[in-house]
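See structure below.
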Amino acid sequence: MVGGQLVPDRTYFSGEKWMCMDDRFRVEPGRCVVLSFGIAEDFSFDDDLDKRFQCKVYSFDPTIKKPTHRRSPNVMFYDIGIASYDRLHTNPKVSWKCMCVCVCVCVCVFT
């Protein structure tokens, strides 16, 4: 289990993620790249991957109203959502910049 926070007065975590750690999918510290979509203001998974495995983590979520920023040397947050094509998602209450997932991958590889 990676990330998450213990819920007060409970015996469970919130926000944790399960990762396959079988040998063929083994995470090699310092040699891993993670794209994390939909943070919902809980960076515990992203930060934990940085801390435990020194992974390069690229986090994406346009809904939390934080500007694009570098959280740490290995964790970069983008104020961008994913969609089937690049577009501006709008409704009467919000407007979000969305990019195709393949563009998100290119952003991570070439920045």
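Please treat every number below as a calculation from the coordinates, not as lab data. A quick note: this is a predicted structure, and the numbers were derived from the prediction, not measured. Positions of Cβ are generated from backbone atoms using ideal geometry, with glycine treated the same way; all protein chains shown enter the neighbour counts.
Sequence-distant or interchain residues sharing an amide H contact under 5 Å with MET19, placed H: which?
Amide H to amide H, under 5 Å and 5 or more residues apart or across chains, MET19 pairs with VAL2.
Out of residues 5 or more away from CYS55 or on other chains, whose amide H comes under 5 Å of its own, with H placed 1.01 Å from N in the peptide plane?
Excluding prolines and chain starts, which carry no amide H, the hits are GLY30, ASP50.
Can you order the peptides 73-80, 96-103, 23-30 by their average number of other Cβ atoms within 10 Å per residue, highest first?
73-80, 96-103, 23-30
Would you list, by chain and number, the aspartates and glutamates whose Cα falls below 12 Å from the Cα of LYS97, excluding same-chain residues fewer than 8 positions away?
ASP61, ASP79, ASP86
Taking amide H atoms as placed 1.01 Å from N in the peptide plane, list the residues 5 or more away in sequence, or in a different chain, whose amide H sits under 5 Å from that of ARG71.
For ARG71, the qualifying residues are MET76, PHE77.
Under 18 Å Cα to Cα from LYS56, which lysines show up? Leave out anything in the same chain fewer than 8 places away.
Leaving aside lysines fewer than 8 places away in the same chain, those within reach of LYS56 are LYS17.
List the aspartates and glutamates whose alpha-carbon lies under 12 Å from that of LYS93, not counting same-chain residues fewer than 8 positions away?
none
If you plug each phi of region 85-102 into the Karplus form 6.51 cos²θ - 1.76 cosθ + 1.60 with θ = phi - 60°, what whole-Hz ³J(HN,Hα) values come out, in order, with x for Gly and Pro?
Residue by residue, region 85-102 yields 7, 5, 6, 9, 7, 10, 8, x, 9, 9, 9, 10, 7, 10, 10, 4, 4, 5 Hz.
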